[in-house]
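All remarks here apply to the structure that follows.
The values are calculated or read from the model by the stated rules, or taken from the named source; none is laboratory data. Since the structure is predicted, the reported quantities are computational estimates derived from the model, not experimental observations. When we count neighbours, we look across all protein chains shown, and the Cβ atoms used for this are built from the backbone with ideal geometry, even at glycine.
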Amino acid sequence: MPEFRKLIEGYNRFRSTQYHNERSRWEALAEGQEPPVMIIACCDSRVDPATIFDTRPGQAFVLRNVANLVPPYEVGGGLHGASAAIEFGVTGLGVRHVVVMGHGACGGIKAALAGPNHVGGHSFIDGWISILHDKRKAVLADESIDDKQHALELAAVRQSLTNLRSFPFVADRIVSGELSLHGCHFAIAEGRLFVLDEAEDRFRPV
């Protein structure tokens, strides 16, 4: 199993370098965490938030899922892993910023554009990306949009920000000034980050 062996080799490098150099920080973090930022990102292997933002241990509370989506606030239904993480980050850890980071060439967005998987059997992915149902319809119907993939990637960030504001504890903290929301998009090939200017509804390069 060479792939798993590489992970262990990486751990050994971490143990002898990063951990050794910041041992006191790790020991302090063992007592608890107070990250000021929560990042909601895709689980895509190419867009690790810790790498892109060059964060240190304890600096960011990270939620990763398919297509960096936030579901709308609801109390019924099944299990709510993403909502639980948001609740813990905002009310438990008291993060002051929540960042939704989309990215280029997103497989979840590609699946959303393709529509439901009719190969057979239940699809958890189809259920999850149905969060983008209305945005998908709008993008596909807009003949002025040439790059549907990119357009839906940006729309997904906007939708997640809208859904975040549907959580009462998020909305309350925004009103009180305790919490700020941010949207961004990472272009993989160029290594460029674009941040959403909500006042003008435009993603601007950093």
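Go through the range 65-81 residue by residue and tally those that are without any contact (Cβ under 8 Å) to a residue 24 or more places away in the chain and outside any loop (DSSP other than H, G, I, E, B).
1
Going residue by residue through the range 106-114, is there one that turns out to be in a loop (DSSP other than H, G, I, E, B) and within 16 Å of ILE39 (Cβ to Cβ)?
Of all residues in the range 106-114, those in a loop (DSSP other than H, G, I, E, B) come to 106.
Right, trim to within 16 Å of ILE39 (Cβ to Cβ) and you get 106.
Within the range 106-114 (the criterion being in a loop (DSSP other than H, G, I, E, B) and within 16 Å of ILE39 (Cβ to Cβ)), the answer is yes, since at least one residue qualifies.
Collect the residues in the range 179-201 that are loosely packed, with under 11 Cβ neighbours inside 10 Å and either touching a helix residue (DSSP H, G or I) at 6+ places or on another chain (Cβ under 7 Å) or closer than 17 Å to ALA50 by Cα (or both), keeping them in residue-number order. Reasoning before the result, please.
Our first condition is that a residue be loosely packed, with under 11 Cβ neighbours inside 10 Å; within the range 179-201, this holds for 189-191, 199-201.
Correct list: GLY191 only.
Out of (1) of a type in the set (D, E, K, R); (2) part of a strand (DSSP E or B); (3) closer than 20 Å to ALA114 by Cα, what's the single condition that is false for ARG204?
Of the numbered conditions (1) of a type in the set (D, E, K, R); (2) part of a strand (DSSP E or B); (3) closer than 20 Å to ALA114 by Cα, the odd one out for ARG204 is (3).
Report, by residue number, each residue of the range 19-37 that is surrounded by 13 or more Cβ atoms within 10 Å (Cβ to Cβ) and part of a helix (DSSP H, G or I).
Of everything in the range 19-37, those that are surrounded by 13 or more Cβ atoms within 10 Å (Cβ to Cβ) and part of a helix (DSSP H, G or I) turn out to be TYR19, ARG25, TRP26, ALA28, LEU29.
Looking only at the range 82-105, which residues are closer than 21 Å to ALA156 by Cβ, assigned to a loop (DSSP other than H, G, I, E, B) and not aliphatic (A, V, I, L, M)?
Of everything in the range 82-105, just one residue is closer than 21 Å to ALA156 by Cβ, assigned to a loop (DSSP other than H, G, I, E, B) and not aliphatic (A, V, I, L, M), namely GLY104.
If we scan the range 132-152, do we find a residue that is exposed (fewer than 13 other Cβ atoms within 10 Å of the Cβ), modelled with pLDDT under 95 and in the same structural domain as ALA41 (by TED's automatic domain parsing)?
Taking every residue of the range 132-152 in turn, none turns out to be exposed (fewer than 13 other Cβ atoms within 10 Å of the Cβ), modelled with pLDDT under 95 and in the same structural domain as ALA41 (by TED's automatic domain parsing).
Can you tell me which residue is farthest from the chain's Cα centre (by Cα) among those in the range 47-70 that are surrounded by fewer than 20 Cβ atoms within 10 Å (Cβ to Cβ) and either within 17 Å of GLY127 (Cβ to Cβ) or not assigned by TED's automatic domain parsing to the domain that holds VAL157 (or both)?
The qualifying residue farthest from the chain's Cα centre (by Cα) is VAL66.
Output the residues belonging to the range 40-64 that are touching a residue at least 24 places away in the same chain (Cβ under 8 Å) and either over 29 Å from LEU113 (Cα atoms) or part of a helix (DSSP H, G or I) (or both).
Hits for the range 40-64 are PRO49, ILE52, ARG56, PRO57, GLY58, GLN59, ALA60, PHE61.
Does the range 3-18 hold any residues that are at pLDDT 95 or above and not charged (D, E, K, R), and which are they?
PHE4, LEU7, ILE8, GLY10, TYR11, ASN12, PHE14, SER16, THR17
What are the residues in the range 111-125 that are surrounded by fewer than 15 Cβ atoms within 10 Å (Cβ to Cβ) and on the phi < 0 side of the Ramachandran plot, if any?
Of everything in the range 111-125, those that are surrounded by fewer than 15 Cβ atoms within 10 Å (Cβ to Cβ) and on the phi < 0 side of the Ramachandran plot turn out to be ALA114, PRO116, ASN117, HIS118, VAL119, HIS122, SER123, PHE124.
With (1) touching a strand residue (DSSP E or B) at 6+ places or on another chain (Cβ under 7 Å); (2) within 23 Å of VAL90 (Cβ to Cβ); (3) surrounded by fewer than 12 Cβ atoms within 10 Å (Cβ to Cβ) as the list, and SER176 as the residue in question, which single condition is left unmet?
(1)
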